[in-house]
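Written out below as structure tokens is the structure these notes cover.
The values are calculated or read from the model by the stated rules, or taken from the named source; none is laboratory data. As the structure is a prediction and not an experimental result, all values here were calculated from the model. Note: ideal-geometry Cβ built from the backbone for every residue, glycine included; neighbour counts use all protein chains shown.
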Amino acid sequence: MKQRSLLDRLKAKVGRIHAVRLTRRFLKAAETATATQDKLLAEMIAQGVDSDFGREHHFGRIRHAADFKANVPIRNYEDFAPYLDRVRRGDVSALFRPSEKILMFALTSGTTAEPKYIPITQHVLADSRRGWNVWGVKALLDHHGCFLRHIVQVTSPMNDHSAPSGVPCGAITGLLAATQKKVVLRYYTSPLAVSRIRDSRSKYYTIMRLAIPRDVAWAVTANPATLMLLARTADDHREQMIRDIHDGTLWDEMAVDGDIRTALSSRLAPDPICARRLEQIVSKNGAMYPKHYWNLGYLAHWTGGTMGLYRSQFPLYFGDTPSRDIGLIASEGRMSIPVDDGTPAGILAVTSQFFEFIPAADYSLSKREGVATLRSHEVVEGEEYFLVLTNRSGLYRYDMGDRVRVTGWVGQAPLIEFLSRDDHTASLTGEKLTEDQVVMAMSRVLRHTGTATDVDGTSLINFVLAPRWEAVPRYRLYMESSVVRQIDKLPQRFDEALCRINVEYASKRESLRLEALELTELPDGRLTERDRRLRRQRTRTAEQFKHQYLLPRPGLDTDLEPVTLPQ
């Protein structure tokens, strides 16, 4: 392992002491979460009192959380759009004090082709960085051998385009990377220039070209699918990768602009020793995966909800490397901070957002204003809720649409795990089928049938379940042929698994209100291509895109339906 400089070690020691203090401060705040939340809400009300939104909702009269609930109705993004559009045009007084500076607008995918624009202020950036510091220090303390070693990260540019006001719009990961401390940036395997590579295959290849020769301790990206794509890309092009590492080059066929190649040139020194080691790995294993060439301490990514399906595939690429969930994070802010490996549950981020909870049984988007919410100290372990948050981005009582389960407590702060989004629920006859239930059913089918997790590079978890409104409603399962061939009686097994998991689904099937699930085989690669198209349509920040296993309503699967050719 390369010896780190004395200056690096001194800077890292100072930074670590500071971050440990932040972590202890957060855990102390969790012990008194109710008072912490009250104080935070008061600060946010004070910051917004001079805004148009604040005047319209009588912020000057609000003294307690009960006043806040009485004066401000629950809203979703569409409700806030008129205010946010004004901010994008430069009228910050719509949601903020007139002197507030907007650093950027974070883009996130919505349910339509139009992305959401979330204002990022200095306060928001500080909250985000503080949350990452708490998360990161705890992870490093739990994995001692990862300190002062390289990190593989995937970021998107913070300046995808500009708002009418001239403020950049893009990924907050880009802003976080751009403002990161130099001592930390030195251990990123990819410089900021890599975020500007548009072509995904070229970006993945470039990231791995820069990372493979390094002493990588851990890798972080929101979507676990990205980690597997990085590993596969390097192995798919292993001969070229080894040649590039040996010669100190970057494959000419990669769609990487000249200025980016120039920016990367200092990191592309020839490394024949590493190349020879990789050749030996390929000769011995017939493949070249991260478990062969890196000594990983842990992987960081989402593990909750549908993301948990990827776990079964990780050993092929990463061996027995543990995973640490990065927490429930969106462009709107951080909702949880996981502190243990192997669980999606994290401590509610009580110092960053003011939280309210809607019991899942009461949740109805059409009746938000009439729904009673609970405070963080009023939730019940084991129960499921939808999150409503207030934050420093000017979003007050904002309906996140995130379904979570309370799994325990740290002091007065609940531990929460993400289950699904509200638009990932389907109900044709009252069965209220959720995406996490669909994923669980497929996981059981794969486990009980002993099905392999990967065939010729095609993921077995790539499927879509769509509701079909027919004479007797039913669900249609779309899956690619290479997968279907491996599982005997797949539609029956999957239907039975859904019945065991969802009692309402079982009741509707038994009463013949739902017809048996049907299977439609697709050509291999069809679902992957569909995801690529949807990613281009719905978001400018590719790492935020999630494959949707359950479509929420009929008619959204027309692009997958078999085409009947005229005779």
Original post:
Among the residues of the stretch 163-185 satisfying the criterion of being more than 17 Å from TRP132 (Cβ to Cβ) and more than 20 Å from the chain's Cα centre (by Cα), which is surrounded by the most Cβ atoms within 10 Å (Cβ to Cβ)?
Top reply: VAL167
**OP:** Look at the stretch 160-219 and say how many of its residues are of a type outside the set (A, V, I, L, M) and either assigned to a strand (DSSP E or B) or in contact with a strand residue (DSSP E or B) (Cβ under 6 Å, 6 or more places away or on another chain) (or both).
**Re:** 12
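With the condition kept exactly as written, say whether any residue in the stretch 283-294 is under 30 Å from MET335 (Cα atoms), touching a strand residue (DSSP E or B) at 6+ places or on another chain (Cβ under 9 Å) and in contact (Cβ under 8 Å) with a residue 60 or more places away in the chain.
To start, the set of residues in the stretch 283-294 that are under 30 Å from MET335 (Cα atoms) comprises none.
Scanning the stretch 283-294 turns up no residue that is under 30 Å from MET335 (Cα atoms), touching a strand residue (DSSP E or B) at 6+ places or on another chain (Cβ under 9 Å) and in contact (Cβ under 8 Å) with a residue 60 or more places away in the chain.
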Original post:
With (1) part of a helix (DSSP H, G or I); (2) among the hydroxyl-bearing types (Ser, Thr, Tyr); (3) crowded, with 18+ Cβ neighbours inside 10 Å; (4) touching a Ser or Thr at 6+ places or on another chain (Cβ under 8 Å) as the list, and TYR396 as the residue in question, which single condition is left unmet?
Top reply: (1)
Subject >> GLN153, sole failed condition from (1) surrounded by fewer than 19 Cβ atoms within 10 Å (Cβ to Cβ); (2) modelled with pLDDT of 90 or more; (3) closer than 18 Å to ARG334 by Cβ; (4) not aliphatic (A, V, I, L, M) >> reply: (1)
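So, in the stretch 511-545, of the ones that are assigned to a loop (DSSP other than H, G, I, E, B) and buried (at least 19 other Cβ atoms within 10 Å of the Cβ), which residue ends up modelled with the highest pLDDT? Walk me through how you get there before you give the answer.
Residues of the stretch 511-545 assigned to a loop (DSSP other than H, G, I, E, B): 511-517, 523-525, 539-541, 545.
Checking which are buried (at least 19 other Cβ atoms within 10 Å of the Cβ) leaves us with 514, 517, 539, 541, 545.
Working: LEU514: 89, LEU517: 94, THR539: 52, THR541: 56, PHE545: 71.
Result: LEU517.
Per-residue answers, yes or no, for (1) closer than 30 Å to ASP325 by Cα; (2) buried (at least 16 other Cβ atoms within 10 Å of the Cβ); (3) at pLDDT 95 or above:
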residue	(1), (2), (3)
ALA225	yes, yes, no
GLU239	no, no, yes
TRP251	no, no, yes
GLY258	no, no, yes
THR262	no, no, yes
ILE281	yes, yes, yes
**OP:** Keeping to the stretch 450-496, report how many residues are crowded, with 20+ Cβ neighbours inside 10 Å, at pLDDT 90 or above and not in a strand (DSSP E or B).
**Re:** 3
Original post:
For the stretch 88-96, does any single residue satisfy the condition of being more than 20 Å from LEU387 (Cβ to Cβ), in a strand (DSSP E or B) and either in the same structural domain as LEU534 (by TED's automatic domain parsing) or touching a residue at least 40 places away in the same chain (Cβ under 8 Å) (or both)?
Top reply: no
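Please find, among ILE273, ILE281, ILE326, the residue that is within 26 Å of THR23 (Cβ to Cβ) and either in the same structural domain as ALA372 (by TED's automatic domain parsing) or aliphatic (A, V, I, L, M) (or both). Walk me through it before giving the result.
Details: ILE273 fails: within 26 Å of THR23 (Cβ to Cβ); ILE281 fails: within 26 Å of THR23 (Cβ to Cβ).
Just one listed residue meets the conditions, ILE326.
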**OP:** Could you list all residues from the stretch 70-92 that are at pLDDT 95 or above and charged (D, E, K, R)?
**Re:** ASP85, ARG86, ARG88, ARG89, ASP91
Subject >> LEU229, sole failed condition from (1) in contact with a Phe, Trp or Tyr (Cβ under 9 Å, 6 or more places away or on another chain); (2) surrounded by fewer than 17 Cβ atoms within 10 Å (Cβ to Cβ); (3) of a type outside the set (Lys, Arg); (4) at pLDDT below 95 >> reply: (2)
